[in-house]
Amino acid sequence: MQRIKFVCVSNKGGVGKTSVSTQILVPYLFSKGNKPIDFITIDDVNSTADTLEDTKIMNIHELASDDRESLVEFLNSAESCVFDIGGNKTANDIINEIGESEIVDDVWWVIPLGDGDEDVLNAIDTYQIIALNDASPKVMFALTKVMSHSEESYTKQFLYVFGHKYNKVKRTLWGAIGSHPYLIMPGIDNFNIGKSLKRTMYELGSDDYINSLREEKVVNAEAEKKHFAEKEEYDEGLKHESNRIGYNISTANKFKKYSELHLMAAFQKIDETLKMSGKKSKK
């Protein structure tokens with residue numbers, strides 16, 4: 001697989017940069033090589049490490065916005081990686097730094113956005129800043145907090161991206177910059193539970209994780225059985241542990257379904273986009 005530097009960026013906070021980076025882009029790269037991916041977050045305000053401290057698919061590097069030496073080191077590394085860039089001035093400075101680097105041809109810019117008109121205006125602004133610093137930018141957008149994966153539904157939800165023939169709006173994303181490849185990231189009720197388990201949805205929905213929980217359940221059941229045989233009473237600690245494992249199995253199965261339905265679709269879309277880009281570059 002070719003070297004890819006995904007740079008997830010927006011000059012607006014709260015649009016899902018970290019979610020897209022850690023839940024789609026890192027798992028995508030991991031799925032191609034089955035080895036941990038360097039995830040570089042440059043944000044002086046928010047921290048990612050605490051919410052993903054048990055992940056096995058990425059190495060998390062938190063850089064200060066003025067740590068240019070480390071940034072250049074990761075940009076020049078031979079490995080694919082993912083950058084998550086904080087908003088406002090940090091985004092502008094880092095876009096400029098990457099635009100001036102020698103590896104800009106390996107960069108895929110990913111701009112996440114919600115469904116509001118302000119989100120679209122900020123996405124346009126971010127795109128224009130990228131275009132000023134990268135002569136031939138390769139850009140994907142990521143629609144976050146999508147309420148339905150049905151194309152008919154999400155195109156209505158993201159009216160300010162796609163426009164609508166019966167509901168005219170003054171400015172749309174595609175009207176301003178032309179259509180681009182895009183990913184969709186539907187919301188999930190258990191997303192915050194996933195964060196509490198310190199892993200990505202991709203990991204929590206994997207067969208390896210679900211099987212490990214089932215093995216844990218068997219061991220705990222044996223311990224409960226042994227304790228009852230010896231004491232003729234249930235152990236509250238083991239009972240609580242049994243309930244916890246059962247709850248985590250149920251949650252993991254929901255993540256598995258989400259992964260099969262949504263993450264695999266996003267991976268396929270990235271594959272198709274990279275393939276089409278490769279064909280264009282050969283012409």
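Miscellaneous remarks
- Additional length obtainable on full extension of the chain from Val219 to Asp50, 0.36 nm per residue less Cα span: 57.9 nm
- Computed label-point distance, nm, for sites Lys226 and Asn88 using a 7 Å Cα→Cβ extension: 5.7
- Within the chain: Cβ-based charge dipole about Cα centre, in debye rounded to nearest 20 (Lys, Arg +1; Asp, Glu -1): 1480
- Shape class of the range 90-182 from the alpha-carbon gyration tensor: prolate, with a/c at 1.5 or above and a/b greater than b/c.
- Cα gyration tensor category, rounded, prolate or oblate, for the range 189-283 with a/c compared to 1.5: prolate
- Across the cross-link table entries Lys195/Lys254; Lys17/Lys257; Lys12/Lys269, which are compared at the Cα atoms, the separations over 18 Å belong to Lys17/Lys257; Lys12/Lys269.
- For the range 258-264, 3J(HN,Hα) computed residue by residue from phi via the Karplus equation (6.51, -1.76, 1.60; θ = phi - 60°) reads 4, 4, 5, 7, 10, 5, 5 Hz, glycine and proline entered as x.
- Spin-label pair Asp125/Ile103, simplified geometry with 7 Å Cα→Cβ offset, distance in nm: 2.9
- Evaluating 6.51 cos²θ - 1.76 cosθ + 1.60 at θ = phi - 60° for every residue in the range 19-24, the Karplus couplings come out as 4, 5, 4, 8, 9, 10 Hz, glycine and proline recorded as x.
- Peptide ranges 23-30, 158-165 listed from the most packed, as the mean C-beta count within 10 angstrom indicates: 23-30, 158-165
- Placing a label point 7 Å from the Cα of Glu260 along the Cα-to-Cβ direction, the residues of the range 203-224 whose backbone N falls under 20 Å from that point are 203-215.
- A protection proxy built from the mean count of other Cβ atoms within 10 Å ranks the segments 51-62, 83-94, most packed first, as 83-94, 51-62.
- Karplus 3J(HN,Hα) series, Hz, for the range 97-110 with 6.51 cos²θ - 1.76 cosθ + 1.60 (x for Gly, Pro): 4, 5, x, 8, 7, 7, 9, 4, 5, 8, 8, 10, 7, 10
Where a number appears in this text, it was derived from the coordinates with a stated rule and is not lab data. Note that the structure is a prediction, hence the values are computed from the model and not measured. Note that each Cβ is placed from the backbone with ideal geometry, even for glycine, and that neighbours are counted across all protein chains shown.
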